[in-house]
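All remarks here apply to the structure that follows.
What follows draws every value from the coordinates through simple rules; no lab data is involved. In this text, all values refer to a predicted model and were calculated from it rather than measured experimentally. Reconstructed Cβ throughout: ideal geometry from the backbone, glycine too, with neighbour counts over all protein chains shown.
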Amino acid sequence: MKDTAPGMRCGVCRRIPTFSNRVARDTRLLQAVINLPAHERDTPMLRALESRLALLLQSQPAHPDRQVLLAKLQLRLGDHRAAGRSVRRALRARPDYPQALRLRATLPVPEL
């Protein structure tokens, strides 16, 4: 996973993480971004965060807190199916995780 801002060439600059990487790794920042009032211009940024967080969770899947944040982000983007999958992954990692159980209760029931 590329961890530096595009166009950065110097040694110090290459170690500066992009904004989306930093937010994806810091659960407090991610929660703050998710809680911001919705605006249509935010969609590309939210999609970038979703992508970064999903990549991070591929290598660290046993983090139910991040799985729940990914689900909340996916809900914010209107992707209920992806949010349901993220909640299920959170509950696989920790079946009694309260935030995942609460979020699962608010998800629409999938059509058969």
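Among the residues of segment 39-59, write down those that are under 21 Å from GLY84 (Cα atoms) and surrounded by fewer than 12 Cβ atoms within 10 Å (Cβ to Cβ).
Answer for segment 39-59, where residues must be under 21 Å from GLY84 (Cα atoms) and surrounded by fewer than 12 Cβ atoms within 10 Å (Cβ to Cβ): GLN58, SER59.
Restricting attention to segment 89-112, report how many residues are of a type in the set (D, E, K, R) and within 14 Å of the chain's Cα centre (by Cα). First the steps, then the outcome.
Just the residues of segment 89-112 that are of a type in the set (D, E, K, R), to begin with: 89, 92, 94, 96, 102, 104, 111.
Subset that is within 14 Å of the chain's Cα centre (by Cα): 89.
So the answer is 1.
Could you please give the count of residues in segment 92-112 that are closer than 23 Å to ALA32 by Cα and either exposed (fewer than 14 other Cβ atoms within 10 Å of the Cβ) or not charged (D, E, K, R) (or both)?
Initial filter on segment 92-112 (closer than 23 Å to ALA32 by Cα): 97-107.
Still in the running and either exposed (fewer than 14 other Cβ atoms within 10 Å of the Cβ) or not charged (D, E, K, R) (or both): 97-103, 105-107.
Of the residues in that region, 10 qualify.
Under 7 Å between Cβ atoms, at least 6 apart or on separate chains: pull out the pairs that start in segment 82-106 with a residue that is over 8 Å from GLN67 (Cβ atoms) and end on any residue that is surrounded by fewer than 17 Cβ atoms within 10 Å (Cβ to Cβ).
From residues that are over 8 Å from GLN67 (Cβ atoms), the pairs are ALA83/LEU107; GLY84/LEU107; GLY84/PRO110.
Does any residue in segment 30-57 that is aliphatic (A, V, I, L, M) come within less than 8 Å, Cβ to Cβ, of a residue that is surrounded by 13 or more Cβ atoms within 10 Å (Cβ to Cβ) and outside any helix (DSSP H, G or I) six or more places away or on a different chain, and which pairs are these?
Note: pairs meeting the criteria are LEU46/LEU77; LEU57/HIS63.
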